[in-house]
Amino acid sequence: MKHADWDIPPNLRPDPDDYAFDLEGTLRAVVGLRANVPSDAFTANTLGTERIGSGAVIREDGLVLTIGYLVTEAESIWLITADGRAVPGHPLAYDQTTGFGIVQALGRLGLPALALAGPDAARPGQSVIVAAGGGGRERAVEAKVIGRQEFAGYWEYLLDEAILTAPAHPFWSGAALLDPDGRLAGIGSLIMQQGDGRGRRTDLNMSVPTALLPPILDDLLTLGRINAPPRPWLGAFVMEGEGGLVVGGVTDDGPAERAGVRAGDRVLGLGDEAVGDLASLWRKLWASGSAGVTVRLNLVRDGNELSVHVATADRTRYLRKPAVH
């Protein structure tokens, strides 16, 4: 794909005259990222074997922060600079809790490092920049923070306060969310839609706040994960709708499938507690103990209530480990 195919319309790009920092120089710290994953990897069917996105340099020795699904189980990674250089990278960590991925450049990037913004950055109504890698201002969108709110994902994921911005960047995976001072306030994760209550829907980007990184960075660099017992994992894709929580599918040979959970089952509760939304389900699951604990899922199938006991697992044990360099 040519760089021009990714360019943002000029009217959506940030204007250097509107910022007190060196916009062009700062955007050089946002790199393109290409990852290749073996076809037999655990995540190959759901995330693909060729993944393209972005990352942000956070240390001058070439440490790059990205979104974890780009680099999970990757056997090769290339970091692409704005001047077209391709530098190999090595995946150091993928944090299941935040969704962050950490990559170390294996060659010299020679790029500035972005400072991390604090927890008070990127507040609702504030102007921000969402930048994809490898193209400078031509791949950056000037946006507004629409809100900061809880986000629960069907893949057993939860953020207490995700950052939502609009207009949406079309190449959001791993994109850098920069605050008005040029600091890294978030890493792009998703594109989603939000209604205004009058039938109109707006495309938004969801970013993971970088304020979540400092408390866990040392663990990620030394252990490849946070230094805590792994969370229990069901291996069930649960969707939230008007009728409540419904299992959309289960992971092949995962805990839920082995316990007999089926697509189409409606989730009523976990243990002795009812759950009505995804956030409650995940919080109750994770509060039940560490990976390996057995939990009782209360379901409705074909109009009949039943309970299924699921022996949870550590999700990371299903993933390929990075090759040692």
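No value in this document is a laboratory result; all are computed from the given coordinates. Worth saying up front: this structure is predicted, and the values here are computed from it rather than measured. Here the Cβ is made from the backbone with ideal geometry for all residues, glycine too, and neighbour counts use every protein chain on show.
Ordering SER307, SER173 from the fewest to the most neighbouring beta carbons within 10 Å gives SER307, SER173. Our summary gives region 127-216 a relative contact order of 26 percent, counting only alpha carbon pairs under 8 angstrom and 6 or more residues apart. Look at the alpha carbon pairs under 8 Å that are at least 6 residues apart: their mean separation over the length of the chain gives a relative contact order of 15 percent.
Between region 23-72 and region 283-325, the C-alpha centres lie 28 angstrom from each other.
A full extension of the chain between ASP203 and LYS284 corresponds to an added length of 26.1 nm, given 0.36 nm per residue minus the alpha carbon distance.
Pairs of Cα atoms in region 127-216 fall into 5 Å distance bins, from 0 up to the last occupied one, in shares of 3, 14, 25, 26, 17, 10, 4, 1, 0 percent. Once the Cα-Cα distance is subtracted from the 0.36 nm per residue extended length, the ARG85 to GLU24 segment shows a gain of 20.2 nm. Computed about the Cα centre, the dipole magnitude for region 127-216 is approximately 280 debye when only Lys and Arg (+1) and Asp and Glu (-1) carry charge, each at its Cβ. The long axis of helix 214-223 is offset from the longest Cα principal axis of the chain by roughly 80 degrees. In order along region 267-282, phi translates into HN-Hα couplings of 8, 9, x, 10, x, 9, 10, 7, 10, x, 8, 4, 4, 5, 4, 5 Hz, rounded to whole numbers, per the Karplus curve 6.51 cos²θ - 1.76 cosθ + 1.60 with θ = phi - 60° and x for Gly and Pro. All distinct Cα pairs of region 3-113 go into the 1/r average, and the inverse of that average, the Kirkwood radius, is 14.9 Å. Each label was represented as a point 7 Å from its Cα along the Cα-to-Cβ direction; for GLN194 and ALA274 these points are 2.9 nm apart.
Cβ-to-Cβ counts within 10 Å put THR210, THR312 in ascending order as THR312, THR210, the fewest first. Size estimate for the chain follows the Kirkwood approach: the inverse of mean 1/r over distinct Cα pairs works out to 20.6 Å.
By the count of other C-beta atoms within 10 Å, a proxy for reagent exposure, LEU47, LEU212, LEU111 are ordered fewest to most as LEU47, LEU212, LEU111. Among the GluC sites (Glu not before Pro) in region 1-64, those placed in a DSSP loop whose Cβ has at most 15 other Cβ atoms within 10 Å are GLU60. Phi angles across region 253-260 convert, under the Karplus curve 6.51 cos²θ - 1.76 cosθ + 1.60 with θ = phi - 60°, into 3J(HN,Hα) values of 6, x, x, 5, 4, 5, 7, x Hz, Gly and Pro given as x. Positive contributions from Lys and Arg (+1) and negative ones from Asp and Glu (-1), summed over other residues with Cβ under 12 Å from the Cβ of PRO16, come out at -4.
For SER76, the residues whose modelled amide H falls within less than 5 Å of its own, excluding neighbours fewer than 5 places apart on the same chain, are ASN36. Each 5 Å bin from zero up to the one holding the largest Cα-Cα distance in region 269-312 carries the following percent of pairs: 6, 23, 29, 27, 11, 3, 1. Considering only C-alpha atoms, what is the centroid distance from region 178-193 to region 216-245, in Å? If we compute the Cα centre of each part, the gap is 21 Å.
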